[in-house]
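Reading through the structure tokens given below for one structure.
Laboratory data are not the source of any read-out in this text; all were calculated from the coordinates shown. Quantities reported herein were computed from a predicted structural model and do not represent experimental measurements. Ideal geometry is used to build each Cβ from the backbone, glycine not excepted, and the neighbour counts take in all protein chains shown.
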Amino acid sequence: MISIAWWLLEITLVFCSIKTTPALAGEPVRLAQNEEPSQNLSAQTQKPQPPQWHYGGFVDLGYSLDFNFPHNHLFRNRGTTPRVNELELNMGGAYVRKSASEQSRWGAELLGQGGQDSKAFGFGTNLPHVPGSDVWRHFGRANISYLAPVGNG
């Protein structure tokens, strides 16, 4: 009975995280209906500049249910299913990105990640790991760009 209650609690947490993801992703907030029209006109006449810096993140949660309910919570030692009957963080990450533009020609992007999937992501099960892979697996994207003033368009 306790395991069923725990399972329902974890499913509720996953549902709540799914419902709040758009709010955490920085969706634009709608203006209130009772604002003065003069404020709306001045906002429409000004051309908004797109932000140069962007940031965000993601969370990938998983719950693998094993109806056998093993006491050690293990499932065949797989990278994609490390444990069963537990809420797992499969992958989580945060990123920051600066877009290159005419005003600022340099751009950059960096994504840091972690979780159960990053431990086995990109590696063969029977192959030795690349030296330094424990560090490199935490970087999803890392680049620098330059907008060269070449061509017409």
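For the reader, a short list of remarks on this structure follows.
- Charge sum, other residues only, whose C-beta stays under 13 Å from GLY140's C-beta, Lys/Arg counted +1 and Asp/Glu -1: 0
- Net lengthening on full extension, PHE69/GLN103 (0.36 nm per residue, minus Cα-Cα): 6.3 nm
- Measuring r between the beta carbons of HIS138 and LEU61 and using R0 = 25 Å, the FRET efficiency lands at 0.85.
- Amide H partners (placed H, <5 Å) of GLY56, local residues excluded: TYR95
- Relative packing of peptides 83-89, 100-106 - highest average C-beta neighbours within 10 Å first: 83-89, 100-106
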